[in-house]
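Read through the structure below, which is laid out as structure tokens, and then see the notes.
Quick note: the coordinates plus some simple rules give every number you see, no bench work behind them. Quick caveat, the model's predicted, so the values are computed rather than measured. So basically every Cβ, Gly included, is an ideal-geometry build from the backbone, and we count neighbours across all protein chains shown.
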Amino acid sequence: MIRMFDAAYPPQKAPDGYQVAAGYIGGDTPHTWTRAEWDRFSHLRRLPVFTRSSTAGHSGTADAFAALAQLYAIGAPRGIAVAWDLEAAVAPGYVSEVHAVMEWAGIYLWLYGQASTVFRNPACNGYWPADWRGDPYMFDHGDVRATQYASGPEWDSSEVKLWDFEYRLWK
């Protein structure tokens, strides 16, 4: 398996031993990564993340098009995975709207959230559950693409399946 870090504010360099950088492209994140911040990690695979921890009053379609605009602005290609951070939200209708737009645009949609709630949303193209056990592991579920196993002060840590690393992450 492959180690991935995600951070609201990107570190100056990738932590040792990490092969994937996950960062934010909009929504209710405290910081949207700039193109220069993404480019800092061009030697790694990358996973853009859109955050919507409360979907109330938000359109999945509008959020998806906002995410696509940001993907264009940072130079991300079609055919990659984008994670949709729902935290603890369960919103099948909203998720279906997001997925329809992403699928139309040629983007694979992974749903991120707490392991206790994320699986109550449609699978789309996979899940990225947060289940902080502290040690690297992969959540036992057929649609899981990555597992966030630890939260830290500067970044969180996840494991990513090799196939998804090779074929779904931004190179």
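Sorted ascending by nearby beta carbons within 10 Å, beginning with the fewest, Glu37, Glu159, Glu103, Glu154 become Glu154, Glu103, Glu37, Glu159.
Computed about its Cα centre, the charge dipole of the stretch 97-158 is approximately 80 debye, with only Lys, Arg, Asp and Glu carrying charge at their Cβ.
Packing, taken as the mean count of other beta carbons within 10 Å per residue, orders the peptides 18-26, 138-146 from highest to lowest as 18-26, 138-146. Sequence-distant contacts, meaning Cα pairs under 8 Å at least 6 residues apart, place the relative contact order of the chain at 22 percent. Between Lys13 and Trp163, the modelled label-to-label distance comes to 3.5 nm, taking each label 7 Å out from Cα in the direction of the beta carbon. For every other residue with a beta carbon closer than 15 angstrom to the beta carbon of Val49, add +1 if it is Lys or Arg and -1 if Asp or Glu, then tell me the sum. That works out to -3.
Note on Ala62 and Tyr137: with the Förster distance fixed at 45 Å, the Cβ-Cβ geometry gives a FRET efficiency of about 0.80. If you take all other residues with their beta carbon under 11 Å from the beta carbon of Ala7, and give Lys and Arg +1 and Asp and Glu -1, the sum is -4. The residues neighbouring His141, those whose beta-carbon lies less than 15 Å from its own, together hold a net charge of -1 under the Lys/Arg +1, Asp/Glu -1 convention.
Counting beta carbons within 10 Å around each of Val49, Val101, Val160 and listing the fewest first gives the order Val101, Val49, Val160. For the chain, the alpha-carbon coordinates run over 39, 34, 29 Å along the three principal axes, in decreasing order.
Residues Asp28, Asp63, Asp16, ranked from the fewest to the most other C-beta atoms within 10 Å, line up as Asp16, Asp28, Asp63.
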